[in-house]
Amino acid sequence: MTTNDSIQVSVLGLGAMGSALAGALVKTGYATTVWNRSPGKADDLVAQGAKVAATAGDAVRAGQLVIVCLLDHASVHEVLDPLSNELAGRTLINVTTTSPAQSRELAAWVAHAGGAYLDGGIMAVPHMIGRPEASILYSGSADVFHQYKPLLDLWGTSTYFGEDAGLASLYDLALLAGMYVMFAGFLHGAAMVAPAGVTAGEFATMATPWLTAMTGAFQGFAAVIDGGDYTVEGQQSLEFSDLGDLLAASSAQGISTEVVAMVQRLIQRQIDAGHGEEGFARIIESIKQAT
């Protein structure tokens, strides 16, 4: 039976997220070696029991499992390209934010070097690591995922999407798209009420329960989209969803209309195409079209 201290793990990159990941491993008894480009960031981890490597090469050589949490795709290659000869027989789990195409490229590159690859998309901020609400999405080698799942589950809920190394990144970025647009909508609303003397905190008190309740509509939209029938009864029509009044009120408050105008354009394209009586979910057809 494999025990925690029999698995040699190396973590490359000790930013806030990399440090949180390494800290969870050290706390649970994994033999952990850490490396960071700039010195000093490993001090707390060393005090907890981690070993610090002087170079990235030393870190890779110390671990049968190498966790990579760096700035971006280019930095992963910058650190690992000189070490390609060291990857044969090792497992690399990359949780650096990359595009689906970049994740697939890294998987092929590691395979060519003789290693095994798993890609991860972290749906959490550093302080959430180790808590049930943290979620990390994985794709790539099924063998790697299942072999190291007890370790991965230390960081949060682990979900595997298949052998295509780009799928975790695709889900990651798609979920972030929803988050950022929602954040922008909240900030638009906060800007809209500010001239009336309403603080952002006061607006957040109203917005949080409202937006939370509205996420319940996702499954309804999904059923309509998957069914392919935007005429199903009970939907709010595109014509009724016209945001003209919202745009006018925003302008009257002296703020930018960019956030809401984007949604209005998606609505209007479908109305202009003759679908005004169909449901709001139909704007996905505008999104699917590049023009």
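Every read-out reported here was derived from the displayed coordinates using simple, explicitly stated rules and does not represent laboratory data. In this text the structure is predicted, and so the values were computed from the model without any measurement. Neighbour counts are summed over all protein chains in view; Cβ atoms, including those assigned to glycine, are modelled from backbone coordinates with ideal geometry.
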Self-check item: Computed [θ] at 222 nm, deg cm²/dmol, the chain (DSSP H ≥ 4; -39,500 (n - 2.57); rounded to nearest 500)
Solution: -14500 deg cm²/dmol
Practice problem: Could you rank the peptides 11-18, 270-277 by their average count of other C-beta atoms within 10 Å per residue, with the highest value first? | Solution: 11-18, 270-277
Quiz item: Could you give the nm distance between label points at residue 229 and residue 204, where each point is 7 Å from its Cα heading toward the beta carbon?
Solution: 4.4 nm
Exercise. Go through 122, 279, 148 and say which Cα lies farthest out towards the positive end of the charge dipole of the chain; charges sit on Cβ, +1 for Lys and Arg, -1 for Asp and Glu.
Key: 148
Quiz item: Going by the alpha-carbon gyration tensor, a ≥ b ≥ c the square roots of its eigenvalues, is the range 4-164 rounded (a/c under 1.5) or, if a/c is not under 1.5, prolate (a/b greater than b/c) versus oblate?
Solution: rounded
Quiz prompt | Net length gained if the chain between residue 64 and residue 4 were fully extended (0.36 nm per residue, minus Cα distance) | solution = 20.3 nm
Quiz item: Based on Cα positions only, what radius of gyration and what Dmax would you give for the chain, in angstroms?
Solution: 23.5, 68
Self-check item: Net charge contributed by nearby residues that have their C-beta within less than 11 Å of residue 130 (K/R +1, D/E -1)
Solution: 0
Practice problem: Label the range 1-90 by shape, choosing from rounded, prolate and oblate, from the square roots a ≥ b ≥ c of the eigenvalues of the Cα gyration tensor; if a/c is under 1.5 it is rounded, and otherwise prolate applies when a/b is larger than b/c, oblate when it is not. | Solution: oblate
Quiz item: Roughly how big is the chain's charge dipole about its Cα centre, with Cβ charges of +1 (Lys, Arg) and -1 (Asp, Glu), in debye to the nearest 20?
Solution: 920 debye
Quiz item: Farthest toward the dipole's positive end in the chain, which of 47, 103, 190, given Cβ charges of +1 (Lys, Arg) and -1 (Asp, Glu) about the Cα centre?
Solution: 47
Exercise. List the lysines whose Cα lies under 29 Å from the Cα of residue 41, skipping any in the same chain that are fewer than 8 positions away.
Key: 27, 51, 149
Exercise. Please report how far the C-alpha centroid of the range 200-262 lies from that of the range 108-184, rounded to the nearest whole angstrom.
Key: 30 Å
Self-check item: Largest-first principal axis extents, alpha carbons of the range 199-288, Å
Solution: 42, 28, 22
Exercise. Distance between Cα centroids, the range 12-76 to the range 84-107: provide it in whole Å.
Key: 16 Å
Exercise. Evaluate the charge dipole of the range 199-288 about its Cα centre and quote only its size in Debye, nearest 20, assuming +1 on the Cβ of each Lys and Arg and -1 on the Cβ of each Asp and Glu.
Key: 280 debye
Quiz item: Quick one: 7, 284, fewest Cβ neighbours within 10 Å first, how do they rank?
Solution: 284, 7
Exercise. Obtain the nm distance between the two label points defined at residue 71 and residue 175 by a simple spin-label model: each point lies 7 Å from its Cα along the Cα-to-C-beta direction.
Key: 2.6 nm
Quiz item: Magnitude of the Cβ-charge dipole of the range 9-149, K/R +1 and D/E -1, about the Cα centre, nearest 20 debye?
Solution: 300 debye
Quiz item: For residue 52, what is the net charge nearby, where nearby means another residue's Cβ is under 10 Å from its Cβ and Lys, Arg count +1, Asp, Glu -1?
Solution: 0
Quiz item: Between residue 54 and residue 164, how many nm apart are label points set 7 Å from Cα along the C-beta direction?
Solution: 4.6 nm
